[in-house]
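The next block holds one structure in the form of structure tokens; read it before the comments.
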Amino acid sequence: MTRKLITGLLFVCASAGAQSSPAVAIVNAKIVRVSGPALARGTVVVRNGLIEAVGENVAVPADAWVVAGEGLTVYPGLIDPLSTVGIEGAPNAAATAGRGGRGAATPATPAAPAAAPAAAVERARGPEDRPSTTSWLLAADELQPTDRRIETVRSAGYTTTATFPTRGIFAGQGSLIDLSSGEKAGDMVVVTALGQYISLSRGGGFGGGFPSALMGMIAYVRQIYLDAAHYQLVKDAYAKDPRGMERPAYDRALEGVLASKRILFPANRLVEIDRMLRFAAELKQPVVIYGGRETYRPEAVEVLKKAGAPVLVSMRWPEAPRDPNPEDTDSLRVLEQRDKAPGAPALLEKAGVHFALYTDGLEQPRDIQRAVKKAIDAGLSREDAVRALTLSPAEIYGVADRMGSIDKGKIANLLVTKGEIFDDRTSIQMIFVDGRKYTPATDSTGGGRGMTTNPPGGIQ
Amino acid sequence: MNKLLLGVLAAVAPLWAETIVIQNANVMTVTQGTFKGSIVIRDGKIVEAGEKVTVPEGATRIDAANQYVIPGIIDCHSHIAIDGGVNEGSVSVSSMVNIRDVLDPEDIAIYRALAGGVTTANILHGSANPIGGCTLPIKLRWGKDAQGLIFEGATPGIKFALGENPKSAGNPQGGRGATTTVQARYPATRMGVEDVIREAFNEAKAYKAEWDEYDAKVARGETSLIPPRKDLRLEPLKEVLEGKRYVHAHCYRADEILMLLRVADDYGFKIRTLQHVLEGYKVADEIAAHGAGASTFSDWWSYKVEAFDAIPYNTAMMVKKGIVVSVNSDDAELMRHLNTEAAKAMKYGGLTENQALSLVTINPAKQLGIDNRVGSIEPGKDADLVIYDKDPMSDYAKVQKVLIDGSVYFDRDTDISQRAAKAAEKQQLIEKEKQSQPRQGGRGAGRGGQGGQAQ
């Protein structure tokens with residue numbers, strides 16, 4: 001009796017939250033589960049935002065709205081492991097450490113101050129001023145469901161993004177969000193705190209001053225971690241016995257750092273990958289490398305493997321400048337970068353390095369499809385490409401228990417296509433986010449440039 | 001035989017051979033005279049050097065008939081192999097930064113310097129601040145990772161700078177070529193430079209006292225202590241006070257040189273080297289009395305107002321006053337011919353050939369405290385060697401081979417023989433890119449790659 005009541009109550013709560021009580025069943029479709037072998041002809045049942053059942057012989061519930069799946073393929077919704085979608089006006093996350101690719105790194109300046117954190121000191125005189133630091137920010141607190149990019153990337157098949165604040169050196173913590181629309185921001189959040197986004201470029205709006213060079217930024221990060229450890233020590237001692245002890249001052253920059261269970265470090269070149277992996281080990285922080293342009297080099301694969309660190313590889317493959325100075329010839333190293341970078345995912349897969357692909361500001365479905373296709377043409381199998389966009393990012397953030405594959409009980413984030421994903425002629429038929437069905441918006445740009453904010457440094 | 005050896009060298013570069021013998025060479029040891037003979041290398045070290053040596057069985061032989069061997073050149077002042085800016089110019093005291101963190105082992109300047117006979121370089125922070133960043137000597141082990149460059153066991157340093165650069169308003173941010181500048185910051189005068197250094201050491205002394213007290217308590221067995229906050233800015237200055245870190249001070253004028261020596265005496269530390277020290281000849285006695293080394297340019301002058309009193313005789317005059325003097329490059333191009341930079345002191349001031357050669361070998365080794373390892377050709381030292389085709393003090397001399405730790409890191413013949421292949425490789429990539437470009441705009445990018453390497 002009580003039990004029935006509770007179940008009933010839960011049902012009411014759940015349906016109130018998701019506003020979608022009737023089930024949806026996609027029948028007779030090819031189902032690429034990712035966690036196991038694909039089903040040539042199977043059924044997925046979605047209810048209350050979750051996958052209720054999946055398999056070859058699944059009974060279709062009587063109340064289900066049935067989608068005839070003949071000729072359709074169902075994939076788990078794509079997950080972008082590093083994004084700014086949902087924070088309006090945010091610059092794209094970029095790995096701009098040091099000199100990447102051609103020319104000087106262009107620091108990602110924000111397009112609009114919409115997400116601007118509290119103004120920092122005008123001109124930092126040293127680490128004590130906590131320059132370029134908003135480590136306490138949580139993307140979940142900054143979300144704006146009105147961000148138009150939510151619909152754009154969802155139309156490319158993305159159902160989930162790991163959205164990070166990206167301004168400054170300690171930018172804040174990312175949150176995992178489901179790209180539903182028209183909801184309260186809080187409904188979108190899957191995981192509130194994914195880890196601290198660290199960049200080695202100064203975001204705009206922080207004033208001049210320390211640090212200005214790469215070595216200053218590294219020194220600053222190191223000092224922050226020393227300070228955080230000391231802060232914790234003093235705080236603990238004070239909590240234990242405050243009598244006769246000077247009260248430690250509250251430091252939100254250190255609080256934010258201490259609350260972060262992993263850090264994201266930028267590294268594109270082999271030298272940077274090696275440097276940042278060593279640095280993370282020195283700081284004793286679990287690290288995720290982002291950028292990864294030179295992960296096609298065996299030495300890079302080797303150091304990543306040795307460190308056991310996952311890498312988020314940017315799908316913004318290096319390209320030749322559009323209007324190059326005819327007098328300029330690129331160095332062999334730069335030419336090689338452009339030639340080999342898309343081959344990196346295949347090599348990482350082969351070597352068993354944990355990696356995922358991130359859009360790095362690519363938004364338009366066609367651009368994303370092309371970028372993935374480039375990696376496939378360079379040797380990555382289609383299955384592994386799908387995995388690098390679904391289950392692998394989920395695993396990297398420790399959320400494979402709720403998303404990343406088509407399994408019973410996981411969040412109903414699905415992508416339904418006509419044709420094989422990442423083919424030229426493939427069309428996305430529908431997208432399910434938290435069990436709600438969306439149809440893709442038409443590609444407004446007709447291909448080509450999809451950038452609405454600043455490009456990341458040194459690539460284009 | 002020779003051909004076979006080159007084949008081997010080309011196949012594995014750098015080559016690690018257990019035992020190598022360089023034969024029939026004019027060996028300029030720097031510390032133990034010059035002779036025609038051989039050098040035996042085992043496990044990266046020089047084991048024997050002399051007119052007659054015992055050639056171990058199975059040794060790889062390098063025939064250096066009519067050629068010259070010198071110890072690897074050491075550059076006491078270089079800014080190569082640094083990523084992301086040479087200066088942390090935003091603050092007057094930037095001792096929290098460390099060149100070690102930003103070494104770039106793939107900077108092509110390393111290979112070029114290597115091809116000029118340099119095997120060790122002191123990689124310095126720039127001169128934007130009275131107290132600059134932490135520095136360290138590296139070996140030019142081209143092909144190794146950043147850790148592999150570090151001169152293991154060498155005493156680290158810190159850069160100081162006096163005069164125009166640290167006091168100039170709006171120092172370049174992030175090194176040369178940077179487009180942004182920082183706002184003017186204190187100090188703006190030479191007086192201010194001195195003040196910044198003194199204030200920093202006042203702080204460092206208090207910081208040291210705090211730590212010394214804590215360490216003493218720990219030593220007495222006291223428990224549940226909270227250590228003082230570790231301050232990366234003051235930590236290196238504490239090390240300077242403890243004699244664990246060398247001060248390399250950029251300076252030009254006699255007055256500022258004397259100022260710095262007085263400050264160091266006041267606070268009880270030593271200036272390890274005065275860098276540039278173009279007016280060193282005016283205060284050579286005082287420099288010698290302090291025990292500071294001097295690392296200067298051969299003949300650069302008048303490029304700015306504080307360099308107007310520079311003279312090319314500076315090197316020789318300081319040598320004759322008993323100062324340990326080196327000639328440095330401060331420049332990736334100059335770095336490639338430090339041998340002839342040193343030779344200029346033979347013309348200006350009449351140093352002997354050996355004295356001149358010392359300026360870029362044993363003397364900088366002494367200045368960096370690594371003369372037990374490098375700087376001369378002696379048994380027990382690292383096999384860091386340069387083979388020239390002619391007398392290295394000559395403009396016509398060309399580097400043939402460079403060895404570091406007994407491994408060949410540069411070989412002229414190999415380099416030349418590989419150029420055509422590299423050029424072809426480059427051309428191939430350019431062609432490939434050209435072919436794929438027209439398709440970029442249309443649908444179905446990457447079609448070209450599909451047939452060849454799909455899955």
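The values are calculated or read from the model by the stated rules, or taken from the named source; none is laboratory data. Because the structure is a prediction, the values reported are computed rather than measured. Every residue, glycine as well, gets a Cβ built from its backbone with ideal geometry; the counts of neighbours run over all protein chains shown. Each accessible area value is taken on the protein alone, full model and side chains, heavy atoms only, with ligands, DNA and RNA left out. Shrake-Rupley method; radii C 1.70, N 1.55, O 1.52, S 1.80 Å.
Figures for the structure shown
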quantity: Some residue of region B:217-238 being touching a helix residue (DSSP H, G or I) at 6+ places or on another chain (Cβ under 9 Å) and under 21 Å from B:H77 (Cα atoms); calculated: yes
quantity: The lone exception for B:N87 - which of (1) in a loop (DSSP other than H, G, I, E, B); (2) away from chain A (no Cβ under 14 Å); (3) closer than 24 Å to B:G293 by Cβ it fails; calculated: (2)
quantity: Single condition A:L348 does not satisfy, out of (1) within 24 Å of A:T73 (Cα to Cα); (2) in contact with a helix residue (DSSP H, G or I) (Cβ under 7 Å, 6 or more places away or on another chain); (3) more than 9 Å from chain B (Cβ to nearest Cβ); (4) assigned to a helix (DSSP H, G or I); calculated: (1)
quantity: Scan of region A:40-57 for residues that are buried (at least 17 other Cβ atoms within 10 Å of the Cβ) and within 16 Å of A:V416 (Cβ to Cβ), ordered by number; calculated: A:G42, A:T43, A:V44, A:V45, A:V46, A:I51, A:V54
quantity: Filter result (open to solvent by 10 Å² or more (accessible area, probe 1.4 Å) and in a loop (DSSP other than H, G, I, E, B)) within region A:166-199; calculated: A:T166, A:R167, A:S181, A:G182, A:E183, A:K184, A:T192, A:A193
quantity: Subset of region B:71-85 that is modelled with pLDDT of 95 or more and open to solvent by 10 Å² or more (accessible area, probe 1.4 Å) - its residue that is nearest to B:A188 (Cα to Cα); calculated: B:H79
quantity: Enumeration of residues in region A:377-406 that are surrounded by fewer than 18 Cβ atoms within 10 Å (Cβ to Cβ) and part of a loop (DSSP other than H, G, I, E, B); calculated: A:S381, A:G398, A:D401, A:R402
quantity: Residues of region B:396-413 satisfying the condition of being surrounded by fewer than 17 Cβ atoms within 10 Å (Cβ to Cβ) and either modelled with pLDDT under 95 or closer than 20 Å to B:I41 by Cβ (or both); calculated: B:R412, B:D413
quantity: Candidates B:A383, B:A365, B:A342 - the one that is in the same structural domain as B:A397 (by TED's automatic domain parsing) and among the aliphatic types (A, V, I, L, M); calculated: B:A383
quantity: Residue check, B:N129 open to solvent by 10 Å² or more (accessible area, probe 1.4 Å) and under 18 Å from B:A161 (Cβ atoms); calculated: no
quantity: Residue that is surrounded by the fewest Cβ atoms within 10 Å (Cβ to Cβ) [pool: residues in region A:200-211 that are at pLDDT below 90 and within 8 Å of another protein chain (Cβ to nearest Cβ)]; calculated: A:G208
quantity: Test: residue in region A:360-376 that is open to solvent by 20 Å² or more (accessible area, probe 1.4 Å) and among the small types (G, A, S); calculated: no
quantity: Count of region B:62-104 residues which are closer than 14 Å to A:I218 by Cα and assigned by TED's automatic domain parsing to the domain that holds B:K36; calculated: 0
quantity: Condition check for B:N372: open to solvent by 10 Å² or more (accessible area, probe 1.4 Å) and in a loop (DSSP other than H, G, I, E, B); calculated: yes
quantity: Residue tally, condition closer than 22 Å to B:S295 by Cβ and surrounded by fewer than 24 Cβ atoms within 10 Å (Cβ to Cβ), over region B:104-114; calculated: 3
quantity: Residue under evaluation A:P342, criteria (1) in contact (Cβ under 8 Å) with a residue 40 or more places away in the chain; (2) surrounded by 21 or more Cβ atoms within 10 Å (Cβ to Cβ), criterion not met; calculated: (1)
quantity: Condition met for A:K261 (open to solvent by 20 Å² or more (accessible area, probe 1.4 Å) and outside any loop (DSSP other than H, G, I, E, B)); calculated: no
quantity: Residues that are touching a helix residue (DSSP H, G or I) at 6+ places or on another chain (Cβ under 8 Å) and either open to solvent by 60 Å² or more (accessible area, probe 1.4 Å) or among the aliphatic types (A, V, I, L, M) (or both), drawn from region A:235-252; calculated: A:M245, A:R247
quantity: Failed condition for B:R253, given (1) more than 25 Å from A:G126 (Cα to Cα); (2) within 14 Å of another protein chain (Cβ to nearest Cβ); (3) modelled with pLDDT of 95 or more; calculated: (2)
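A quick yes/no check of all residues on (1) at pLDDT 95 or above; (2) open to solvent by less than 50 Å² (accessible area, probe 1.4 Å); (3) over 21 Å from B:G85 (Cα atoms):
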| position | (1), (2), (3) |
| --- | --- |
| B:D145 | yes, no, no |
| B:F151 | yes, yes, yes |
| B:E164 | no, yes, no |
| B:Q183 | no, no, no |
| B:Y207 | yes, yes, yes |
| B:R229 | yes, no, yes |
